[in-house]
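Working notes, beginning with the structure itself.
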Amino acid sequence: MRCNRCDPKAGNLTVMRISVIGTGYLGATHAACMADLGHEVIGFDVDPEKVASLAAGTVPFHEPGLDAVLQRALAAGRLRFTTAIADVAAHADVHFLCVGTPQSKDSNAADMSQVNGAIDLLAPHLDRACLVVGKSTVPVGTAQRLAAQLQDTSPAGADVHLAWNPEFLREGHAVADTVAPDRLVIGVTDPADEATLRQVYAPILANDVPLIVADLPTSELVKASANAFLATKISFINAIAELCEATGADITVLADAIGRDERIGRRFLNAGLGFGGGCLPKDIRAFRARATELGVGESLDLLDDVDAINQRCRTRAVAAALSLTSQQLAGKSVTILGAAFKPDSDDVRDSPALAVAAELIEHGAQVTIFDPVANQNASTRVPTATYAHTLEEALAGAELVLLLTEWKQFQDLDPIKTKSQVAMPLMIDARNVLDPQQWAHAGWTIHSLGRGTRHP
Ligand code: UDX
């Protein structure tokens, strides 16, 4: 994705010298896109393999369209990667902090070791005026703490400024979300820092993307609140899905009907197996934990319910599998379609599909998994499953099929052809992408989460 106003030759760009610290989903995308906008970018990571891969033009994860942007930026000579922090400090006037903040091993709080480690590493090298811009999702109050640390421990002292610029990119849409976001949010303490960020994002702002300027804590809270709201929306519809199943109602019709109200909106009302991935689950827990630390834990009590409803989606899928097989899962050949936490991604972090797979294995099922891109990652998380190389191989002889990640090729399955491939026409559609009437008509017993079971 490249807009015609993003060409530095178009003359609306002051080329900035930028660093991107941390080259995971967020950092690799940000680095490639900033260089593609025309800036001079250096990407830093402590992982030499990641750096070598990116420097060779290969994105080390599945993200549609990112390879092309990366290769274009490398070929233009505006992007390079390093494991040497001194190179970063020497090169850049604006440093974007893009490291991960996963869930702590022993609590719900965010593990801040990568953020703290990056600042500890960078600060002693900052010997001239520069702007450090946090993009990682952090507990509110982090930015203020890091600003003080940078000023205290950098040779340039008070000339090192800090801003916060939360990132809202979705995996699978990372490039578009970076170069054409719904909005840019920046938290600043000095108008000069706002001016610097306006220069960095000039080609994006030229396309009428709204810029919201805030203080540091507001900018941190914007990100946490956005993810909490999205998670709440998904869990709300999944809670209603439980009522639909108890009453014979249809959650998809209900979602369409309430979604027509513009105040509600239809997006993020797809009921099914709920949310997973490296962001929403850990972010709502960290948000809740931070509120408790701040003495206002009750304000986010509802996020405990959001989490619990989300976990129940997985339990309900397993219960449906037990029900469809008359509680006889032991020894059954069960095929799982999808392992990634969502389509167009090979990310299996907190994947609902793999949580269900692990539960079915616990019940003694012989589980075969097929995902178009995530088999490799999944096999390290659920090594006791069998992994099929093709959809056909996965379906052959299945006594129960569960569609757990809504890849397009699964949505397009033909019920008649699929019936001829399996041993038993039993389907659980945990993402509500198959037409139950059509599948039942073709001879399947199909259970859709939030729509109940249909028989042939
Ligand atoms: C999310 C936020 O959308 C993004 O703004 C933030 O920067 C990072 O976290 P991402 O984790 O990439 O992005 O995925 P997203 O598309 O938001 O989906 C999250 C999860 O919710 C997926 O598991 C998806 O399957 C699930 N989901 C989404 C639903 O179950 N129903 C829906 O209607 C929408």
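The values are calculated or read from the model by the stated rules, or taken from the named source; none is laboratory data. Here the structure is a predicted model, which is why all the values come from computation and not from measurement. Glycine also receives a Cβ, built like all others from the backbone with ideal geometry; neighbour counts cover every protein chain displayed. These area figures cover heavy atoms from the full protein model, side chains too; ligands, DNA and RNA do not enter into them. Shrake-Rupley method; radii C 1.70, N 1.55, O 1.52, S 1.80 Å.
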*Given only helices, namely DSSP H runs of n ≥ 4 each adding -39500 (n - 2.57), what is the per-residue ellipticity at 222 nm of the chain, to the nearest 500 deg cm²/dmol?*
-13000 deg cm²/dmol
*Computed log₁₀ I(q)/I(0) - Debye formula, equal Cα scatterers, no solvent, the chain, q 0.07, 0.11, 0.14 Å⁻¹*: -0.40, -0.92, -1.28
*asked:* Starting from 0.36 nm per residue, how many nanometres of slack lie between ALA90 and THR292 once their C-alpha separation is accounted for?
replied: 68.7 nm
*asked:* Counting heavy atoms of the protein chains only and a 1.4 Å probe, report the per residue accessible area for the range 17-214 as a whole number of Å².
replied: 37 Å²
*Sorted by accessible area with a 1.4 angstrom probe, largest first, how do ILE258, ILE336 fall?*
ILE258, ILE336
*When you count, for each residue, the other Cβ atoms within 10 Å and take the mean per peptide, how do 86-95, 205-214 rank with the highest first?*
86-95, 205-214
*Give me the percent of the accessible area of the range 216-456 that comes from carbon and sulfur atoms, probe 1.4 Å, all protein chains in place.*
53 percent
*Under a cut-off of 19 Å between alpha-carbon atoms, report the lysines in cross-link reach of LYS223, not counting same-chain residues fewer than 8 places apart.*
LYS135, LYS233, LYS282
*Using θ = phi - 60° and Karplus 6.51 cos²θ - 1.76 cosθ + 1.60, couplings along the range 291-303 (whole Hz; Gly, Pro as x)*: 4, 5, 4, 7, x, 10, x, 4, 4, 10, 3, 4, 5
_Cross-link reach list, lysines versus LYS417, counting only Cα pairs under 20 Å and skipping chain neighbours closer than eight places_ = LYS408
*In the calculated pair distance distribution of the range 17-214, what percentage of Cα-Cα distances lie above 22 Å?*
44 percent
*Accessible surface of the range 17-214, 1.4 Å probe, proportion on carbon and sulfur as whole %*: 51 percent
*Any aspartates and glutamates with Cα under 18 Å of the LYS105 Cα? List them, leaving off those in the same chain fewer than 8 positions away.*
ASP283, GLU293, ASP307, ASP350
_Which residues among the range 80-95 fall inside the zone where the amide N is under 18 Å from a point 7 Å beyond the Cα of ALA55, along Cα→Cβ?_
80-92
*Please give the per residue accessible area of the range 278-402, computed with a probe of 1.4 Å over protein heavy atoms only, in Å².*
41 Å²
*Accessible area, 1.4 Å probe, largest first: how do PHE168, PHE275 sort?*
PHE168, PHE275
*If the chain between ARG260 and GLN71 were fully stretched, how many nm would it gain, using 0.36 nm times the residue separation less the Cα-Cα distance?*
63.9 nm
*For an R0 of 30 angstrom, estimate the FRET efficiency from the Cβ-Cβ distance between SER225 and ALA396 and round to the nearest 0.05.*
0.05
_Suppose we take every Cα in the range 216-456 and form the convex hull; what volume per residue is that in Å³?_
134 Å³
*For the range 265-278, Karplus couplings with θ = phi - 60° (6.51, -1.76, 1.60), whole Hz, Gly/Pro x*: x, 7, 6, 6, 10, 7, 7, x, 8, x, 9, x, x, x
*Separation between the ASP412 and THR386 pseudo-spin-labels, each 7 Å from Cα along Cα→Cβ, expressed in nm?*
2.7 nm
*Just add up the charged neighbours of THR325: K/R +1, D/E -1, any other residue whose Cβ is under 9 Å from the Cβ of THR325.*
0
